[in-house]
Structures are given as structure tokens and as C-alpha cells.
Amino acid sequence: MFKVFSVDLYLMFSVKSKASEEQELWKKIEELEGSLKTSSDSSKAEIEVKLAKLKSKLNELHSPAKKRNLDLEIELQKKQSQYDDLYEKYSKLRQAVGSVSDIDEKQKEKELKFKLHKFLLEKYTEIINTEEKKTIGEIKGLIDPDDLSIQSILAELISKDYSFEKNYLPVAKEACDFVFKEISFVESDLRINYWLKPIEIIKQKIADDEDLSVFLCTLLYALGDEKAFVVIAEMENLTTHAFVITEHKNKFFLFDPSQKTSFEEFSGKREEVLEKYSFKNSKIKRFLYRFNALEYEQFSEPEQE
């Protein structure tokens, strides 16, 4: 911006200097013409020579004047265009800075709301945990193959001639893919016990590892897989984690909807699969309990099932 102004000033002073030179020439010409009238014959010739040189120089200034003016006008237009471009960039930069500030303010507002909501949840954790506490029968009831939300998903996955013995694995893969693609895993750091219903998971498209496992296990169970279980395991890093296990045609499967792995990633011989599996670089230390719609089993020994 300042560079453009400095060039414009230079051009302006260049024009003024040319005008001053022209005025100085006219002044000298007028003086010589005045002295020519009173000079002697001997000095007239010398004065006339000087007049001729001055007038010639004056003509030199006049002849390229239009060209100089045109060149100056073009130069000024270029500088004006450069100035306009710089000003436009400056305006966009100001707008961008303003947008970033707005985003920062909105993000700050979200963080403050999250802080408040977390505080309120933690304040009433004991009440929520009491209300959400379930009996063994209620935990088994979480695997509800007749749930309308589960049935609506299956209606999109299975055909009328579906057979568990013939079609289970391909359709089970589609069910796993649906959960992987449609539901996002969220790791909650709140010390609150809660269980989400299938309709809530579908609407919110988020769930923790336990709710994801219950959701997937219910889909598999509704396909006819009564060997599908939700497992809550203690990991080597002393955290707990949920996943789904099943067996089909003498092949063991472990599905972890918290991790986007291939359908066959953890499948094969039971011991090999359990040894291979890990979550966040931590392997299974022991099973704590497992359940489905028919069974609930708790493990007391510090070893895998």
C-alpha cells in the first residue's frame, strides 16, 4: 500500500519538474526577446542564436508531452490496479481473522457448556447409577432381538429365503459393516453406569464400547446366532473393555465394534484369536462376565473364560 503511494508521488513530482523546466525556458525566451529589441546590431546575432536553441529545447519538451502523459497514465493505472488488489487481499484477510475469532468464540462456548454438563452429570452420578442399576435378568433383556429398531435394520439386510445355516456369515458381515459405518465409538470418561436403547444409538449415531457390543450382539442374535455373547473383559492395562464373541461351524469369532477392523480380522482358533486380539495396544487379562438373551455368566478366576 505504501509502496504504491511512493511511486505515485514520484510520478507526480516528475510531472511538476517538467512543467517547471518549461516555465524556466519561457522566462528566458521572453527575457532574450526583450533584450533583442534594445541590443546593438553586433549582439543581435548572438541573442538570436540563443533564442533558437531555447525554442528548440522548448519544442523538444512539447513534442513528447502527449506520449509522456499517456505513459504516465498507463503507469498510474497499473499502480492503481496493484493498489486495488492489495486492498482486496487486505479486506479478505480482515474477514478471515474475524471468522477465526468467531470460530474461537463458538468453540469456547461449546467447551464451557461441556464443562457445565459434565459437572452436573458428575454431581448426580450416584442418583443416575442407582436408577440405571440392572438385575441379571434386565442385563440379559438388553439383547432383545424383537426390538423394532433391530428388526428394521435386519429388514434391509436379509432376504425372504434367509437361512441361518446357509447365509449367516455373509449377513453377519453386513451387520458388522453397518455398525462400523453408521455408529461412532465414543469413550466416556464419566463414572456413570448407563445403557442406551437401540433407537437411541441409531438416532445419536454414537455409543461407548458396551452399548456398541450390545447393539451388535443383538443384531447377530436376531439373525439366529444364540452363541453370540457380549463379553466384558479386564485388559492388561487394568481397564475394562467390551466386545462380542461367537462360534460358527467350529470357527471362533471376536468382533470389536470399537475398532474398525475387517470381519475376519479376529477369527480362527479360539486360543489364537484371544492371544492376537488387543485394544489400544493392551491385551486381554481375563473375562469378567458375558451375557446374551439366554445366559449370564460371571467369572471369578483371573484367567480367560
For region 215-246, what are the residues that are acidic (Asp, Glu), surrounded by fewer than 17 Cβ atoms within 10 Å (Cβ to Cβ) and under 15 Å from Leu294 (Cβ atoms)?
Glu226
Could you tell me which numbered condition Val100 fails, if it satisfies all but one of (1) exposed (fewer than 12 other Cβ atoms within 10 Å of the Cβ); (2) of a type outside the set (D, E, K, R); (3) at pLDDT 65 or above?
(3)
I need a count of the residues in region 1-55 that are closer than 30 Å to Glu88 by Cβ, of a type outside the set (Phe, Trp, Tyr) and either at pLDDT 75 or above or part of a helix (DSSP H, G or I) (or both).
10
Need pairs with beta-carbon distance below 7 Å; first residue in contact (Cβ under 8 Å) with a residue 24 or more places away in the chain and within region 76-94, second loosely packed, with under 11 Cβ neighbours inside 10 Å; sequence gap 6+ or separate chains.
Tyr83/Met1; Leu86/Met1
Answer with yes or no whether Gly141 is under 30 Å from Phe215 (Cα atoms), at pLDDT 75 or above and exposed (fewer than 10 other Cβ atoms within 10 Å of the Cβ).
no
Looking at Phe255, Phe287, Phe299, Phe279 in this structure, which one is closer than 30 Å to Ala155 by Cα and either at pLDDT 95 or above or surrounded by fewer than 18 Cβ atoms within 10 Å (Cβ to Cβ) (or both)?
Phe255
Restricting attention to region 182-196, does a residue exist that is farther than 23 Å from Leu288 by Cα and in contact with a strand residue (DSSP E or B) (Cβ under 9 Å, 6 or more places away or on another chain)?
yes
Restricting region 180-216 to residues that are under 21 Å from Ile245 (Cα atoms) and aromatic (Phe, Trp, Tyr), which is modelled with the highest pLDDT?
Phe215
Scanning region 173-189 for residues that are among the polar types (S, T, N, Q) and either outside any loop (DSSP other than H, G, I, E, B) or surrounded by 17 or more Cβ atoms within 10 Å (Cβ to Cβ) (or both) gives Ser184
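Would you check which residues across region 144-179 are basic (Lys, Arg) and at pLDDT below 95 and list them?
Lys160, Lys166
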Quick one: would you say Leu212 is crowded, with 21+ Cβ neighbours inside 10 Å, touching a Ser or Thr at 6+ places or on another chain (Cβ under 9 Å) and among the aliphatic types (A, V, I, L, M)?
yes
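The values are calculated or read from the model by the stated rules, or taken from the named source; none is laboratory data. As the structure is a computational prediction, the values presented were derived from the model and not from experiment. Every residue, glycine as well, gets a Cβ built from its backbone with ideal geometry; the counts of neighbours run over all protein chains shown.
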